[in-house]
Amino acid sequence: MNTLLILLVQTKSVATIEIITMLFGAAIIGYIIAWLYYKSIYEKKIDVIESDKHELNNRIVNLDGEIVDLHKKIRDKDNEMELLNLAHISERKYLLDYNSFGTATVAEKDDLKMISGIGPFIERRLHALDIYTFRQISKFTAKDIETIGVAIIYFSGRIERDEWVAQAKELVDNADQKMAIFKRISERKSNIVYTRIGVAKKDEADDLTIISGIGGWIQEKLNVLDIYTLRQISNFTKEDAQAVTEAIEYFPGRIERDEWIHQARELVRIAGNKVDLLNRMRARKNRIYYDRLGFAHKHEANNLTRIDGLGLWVEERLNTLDIYTFSQISKLTHADIETITEVLELIPGRIEKDNWVGQARDLAKKQQEKEMV
């Protein structure tokens, strides 16, 4: 009897173990089957996602290619338009009185970019009118300036504002006296407070002509004073600006008017990378509501620096947004002002404080009245 009970207990224990083992095995098999099932589902999803990703990457590559092609087409169109504009400008030669300022050939050409206010764009337009030399520009009369401004489609009053004639005369008169001028300027170094503006050497030189208002000739004269860097100019005080003006025999008040110091400080902040800054601003053009402001092109540009508080550097940045005219600025709303302030990285409140909109409205009205006469 005892033996039978023992056998029954042992049999029951073995059966229990077998049942547990079978259940455990079934659970493992079930888990494996479920895992394989979900794995197959997820792998299919992964394959679909990878396929979509591959397709999207191909689309991105294709779109990048299209963007490159579109930029090339824009450049080609710009070049085509520029050549067309130059051809039209050349056709306006009949407007000019060459007996007044003389003729010149390509072989005689000076680097007109030495004149502050003349960049490559304007130089090409002057060349289209066979204006190649400082001597020609030095002889411009008020009538010549008016007709040339019309011929090259330039900002009204800008030639006078940038004092092309005075600069050209200096370059002509001093062509044979350059060393004497530089010696005279060098002797005035003692008037410059280098402990305040900083000391720099020639091998540290920045391209100072990226400051709107500084041409090649002015840069050469600044270099004679051992002023080579944007950082030095950014450290100018009012007294420094006056001392430098006198030392390089420059137009009184011009440094302040063209905001050299403010420009230099901004350029120092961006490590002198003006091109990148302007490109960054240009890339934000899609934030400007042109349907409200209106569209304008470079050849329609007004001299925006006639708006008090809007200097050359700010004008250059506005132009990168295709904002060229008084009419456009006169239509700015509060929302537009906020957007432009952010896009151009201006001091908040500056546009309202200087009343750009009101000034632009008055200037646009005067322009319309003048055109109606």
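The values are calculated or read from the model by the stated rules, or taken from the named source; none is laboratory data. None of the values given here were measured: they were computed from a predicted structure. Quick reminder, even Gly has a Cβ in these numbers, built from the backbone with ideal geometry, and neighbours come from all protein chains shown.
Return the residues of the stretch 116-138 that are touching a Gly at 6+ places or on another chain (Cβ under 6 Å) and of a type outside the set (Ser, Thr, Tyr); say none if nothing qualifies.
Across the stretch 116-138, the qualifying residue is only GLN136.
Look at the stretch 301-358 and say how many of its residues are more than 25 Å from ASP276 (Cβ to Cβ) and in a loop (DSSP other than H, G, I, E, B).
Qualifying residue count, the stretch 301-358: 12.
Please tell me if SER116 is of a type in the set (S, T, N, Q), within 28 Å of TRP217 (Cα to Cα) and under 25 Å from the mean Cα position of the chain (by Cα).
Against the criterion (of a type in the set (S, T, N, Q), within 28 Å of TRP217 (Cα to Cα) and under 25 Å from the mean Cα position of the chain (by Cα)), SER116 qualifies.
Among the residues of the stretch 294-337, write down those that are among the acidic types (Asp, Glu) and over 19 Å from the mean Cα position of the chain (by Cα).
Result: GLU300, ASP308, ASP336.
Counting only residues that are small (Gly, Ala, Ser) and farther than 22 Å from LYS365 by Cα, how many does the stretch 271-325 have?
Total satisfying the criteria: 3.
Out of the residues in the stretch 95-151 that are aliphatic (A, V, I, L, M), over 19 Å from GLU163 (Cβ atoms) and free of Cβ contacts under 8 Å to residues at least 40 places away in the same chain, which is surrounded by the fewest Cβ atoms within 10 Å (Cβ to Cβ)?
ALA107
Tell me, please, whether a residue that is exposed (fewer than 10 other Cβ atoms within 10 Å of the Cβ), out of contact with any Gly (no Cβ under 9 Å at 6 or more places or on another chain), modelled with pLDDT of 80 or more and under 30 Å from ILE153 (Cα atoms) can be found in the stretch 83-94.
Yes, the stretch 83-94 has at least one match.
What's the total number of residues in the stretch 167-192 that are surrounded by 14 or more Cβ atoms within 10 Å (Cβ to Cβ) and either touching a Phe, Trp or Tyr at 6+ places or on another chain (Cβ under 9 Å) or part of a loop (DSSP other than H, G, I, E, B) (or both)?
The qualifying residues number 9.
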